[in-house]
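Engineer: Structure below; questions to follow.
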Amino acid sequence: AAPLAQVTIIGSGYVGLNTGAVLAYLGHPVVMVDRDEQRVRDLQAGQPVIFEVGLPDLLSQTRAQTTFTTDLRAGVRDAQVIVIAVGTPPTASGDADTRAVEQAAQEIAEGLQDGQRCVVVVKSTVPIGTNRRVKSVIDRVLHARGVQAQVHYASNPEFLREGMALHDTLYPDRVVVGSDDPEALRALQQLYTPILEQTFTPPPGLPRPDHKPLPTLMSTDATSAELVKYASNAFLAVKISFINEVAGLCEKVGADVSEVARGMGMDIRIGAGFLQAGVGWGGSCFPKDVLALQAVAAEYGYTLPIVQAAGEVNRRQRAHMLERLQDALKVLRGRQVAVLGLTFKPGTSDLRESPGLDLIQQLLRRGAHVRAHDPVALSGAQALYPDLDLDWTPSVEAALSGADAVLLATAWPEYLHLDWLDLTRRMRTRVVLDGRNALPAELLRQDGVAYMGVGR
Ligand code: UDX
């Protein structure tokens, strides 16, 4: 299929930027709109503005295909496909704040021209009914302006993981399109043909995975598409909480949760993914989407006890980590505790809903001294929490020397290849709480370290 004439992406955040870079790489001319002037200036100057593996290279490779602007109305004027990829942050009550989506719809309608034919695609993660809302805002504004434009609508959620965003966009398991409009479906099919048929040359550093089946285009109604996204994320969160719950039982009965998960994962009905026990889930999606799904249900007088329990187990898991440190050290007050890993997982600089940062704050409340380390997000964390009274340590050696305990909160690969025997010998008491089951347990135990994993 031929490239589209123009794709406009509204929102140069995590989703918008990664999607835009990939679509430009596939040959579509892409206009990326953001209302943050500094962000647009940085992008124009070749700064990737977010930390994502491979993104700087892909952005520089696609410069000729890409325009960055703050002018939304001008940006949609010649667009065939307009993708709304703005943020939907949680409100205090947990439901998603869709004001940026509605504002984008308003401005799209203010920019469309007489006779223009385009598809408006909602990619932001949004509550049920938002697609309908977008359509009604655009219809109202077009009507008020007396402009005749042919606008088609589709919901097209994304499933990309931070640190794997480009890979997940290029090599998805499925592409979900929610629309009852054949015109919209046709345009999105054209947009994604190179991905659906895997006809592109993989960008350097982003090889095509071996033996992966071609992605399926799943066409459905808009409301179901909106729910696929929330239900998928909630299910994955449930899966992790489930294995963390089993991990707690493993600790009681003396089993090894990694072995239990390995055995479970061999059943293809269960699947091996997302069965890694640890400090619990965090990040910008799971906590927010789990709450938003419950808020959607509440709106309809319905409850989701399993989803709710996943959140409770996740909180309990963090509390359990603290109890174990407390048990090992007897008192936490005055103890020197090193915490390694401040991002919610490796491969990202994202500190949102980070288990490590949460545990640090709980440790501080109990009177412990904390030495925090992260290979990429140390200064980011310091800037975010300027009032926290702790040592931001630039090296793992400095964090561990003389410490009473170390907690591994994020399994950065940098940590796994260290000389852990030597490092723990520098500690005052050799207590290791491996919150990701990623360190050499046997080696450490044989050398006299009080090593604790999760569920083993
Ligand atoms: C997630 C979804 O995977 C993605 O499809 C969606 O679009 C956005 O949310 P992301 O938040 O980037 O992506 O991270 P992910 O790799 O899924 O991990 C989420 C959290 O679960 C992390 O805190 C991670 O450490 C934790 N996790 C994951 C586990 O504790 N155990 C596992 O087995 C897997």
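Each value in this text was obtained by applying a stated rule to the coordinates, not by laboratory testing. Just so it is clear, the structure is predicted and the values come from calculations on it, not from any experiment. Ideal geometry is used to build each Cβ from the backbone, glycine not excepted, and the neighbour counts take in all protein chains shown.
Engineer: Treat every Asp and Glu Cβ in the chain as -1 and every Lys and Arg Cβ as +1, leave all other atoms uncharged, and give the resulting dipole magnitude about the Cα centre to the nearest 20 debye.
Structural biologist: Details: 44 positive and 51 negative charges, 125 e Å.
It comes to approximately 600 debye.
Engineer: Next up: Tell me the relative contact order for the chain as a rounded percent, counting alpha carbon contacts under 8 Å between residues six or more apart.
Structural biologist: 12
Engineer: Could you tell me which trypsin sites (Lys or Arg not before Pro) in the stretch 212-282 are loop residues by DSSP with no more than 16 other beta carbons within 10 angstrom of their beta carbon?
Structural biologist: Hits after loop and neighbour filter: ARG269.
Engineer: I've got another one for you. Have a look at TYR415, LEU439, VAL121 and report the one farthest towards the positive end of the charge dipole of the chain, computed about the Cα centre with Cβ charges (Lys/Arg +1, Asp/Glu -1).
Structural biologist: Final value for the positive-end residue is LEU439.
Engineer: How large is the translational diffusion coefficient of the stretch 7-220 in µm² per second when you combine the Kirkwood radius over alpha carbon pairs with Stokes-Einstein at 20 °C and 1.002 mPa s?
Structural biologist: Values: Rh = 17.5 Å.
In µm²/s, the coefficient is 123.
Engineer: Among PHE274, PHE68, which comes first, second and so on when ranked by fewest other beta-carbon atoms within 10 Å?
Structural biologist: The most exposed by this proxy come first: PHE274, PHE68.
Engineer: Counting other beta carbons within 10 Å of each residue's own, what order do SER155, SER179 fall into, fewest first?
Structural biologist: Working: SER155 28, SER179 23.
By the 10 Å Cβ count, ascending: SER179, SER155.
Engineer: Taking a label point 7 Å from the Cα of VAL253 along the Cα→Cβ vector, which residues of the stretch 273-292 have an amide N closer than 20 Å to it?
Structural biologist: 275-278
Engineer: Taking the alpha-carbon set of the chain, what are its Rg and Dmax in Å?
Structural biologist: 23.9, 78
Engineer: Hey, what did the stretch 164-297 get for relative contact order, percent, Cα under 8 Å, at least 6 apart? Display every interim value, and only then the final one.
Structural biologist: Details: 119 pairs, mean separation 33.5, N = 134.
25 percent.
Engineer: For an R0 of 41 angstrom, estimate the FRET efficiency from the Cβ-Cβ distance between ASP57 and ARG365 and round to the nearest 0.05.
Structural biologist: 0.45
Engineer: Multiply the residue gap between ARG428 and ASP327 by 0.36 nm, knock off their C-alpha separation, and tell me the result in nm, one decimal place.
Structural biologist: 34.7 nm
Engineer: Separate question: With r defined as the distance between the Cβ atoms of ALA45 and LEU388 and R0 fixed at 35 Å, what FRET efficiency is calculated, to the nearest 0.05? Could you put the intermediate results ahead of the total?
Structural biologist: On the way: r = 33 Å, r/R0 = 0.94.
For ALA45 and LEU388, the calculated efficiency is 0.60.
Engineer: Now for a separate question. By counting other Cβ atoms within 10 Å of each Cβ, how are GLU52, GLU323 ranked from fewest to most?
Structural biologist: On the way: GLU52 24, GLU323 10.
Final ranking by Cβ density, sparse to dense: GLU323, GLU52.
Engineer: Assuming a viscosity of 1.567 mPa s and a temperature of 4 °C, what translational diffusion coefficient in µm² per second does Stokes-Einstein assign to the stretch 290-378, Rh being the Kirkwood radius over Cα pairs?
Structural biologist: Details: Rh = 14.9 Å.
Translational diffusion coefficient: 87 µm²/s.
Engineer: Still on this structure, I have one more. Can you list the residues of the stretch 213-238 with backbone N under 13 Å from a point 7 Å past the Cα of ASP180, pointing along Cα to Cβ?
Structural biologist: Residues 220-224 fall inside that zone.
Engineer: Among 314-322, 432-440, what's the highest-first ranking by average C-beta atoms within 10 angstrom per residue?
Structural biologist: Those peptides, ordered most packed to least, come out 432-440, 314-322.
Engineer: Run through the DSSP bridge list for the chain and note the antiparallel percent, rounded to the nearest 5.
Structural biologist: Antiparallel bridges make up about 5 percent of those DSSP assigns within the chain.
Engineer: Tell me the angle of helix 305-329 to the major Cα principal axis of the chain, expressed in degrees between 0 and 90 and rounded to the nearest ten.
Structural biologist: 30
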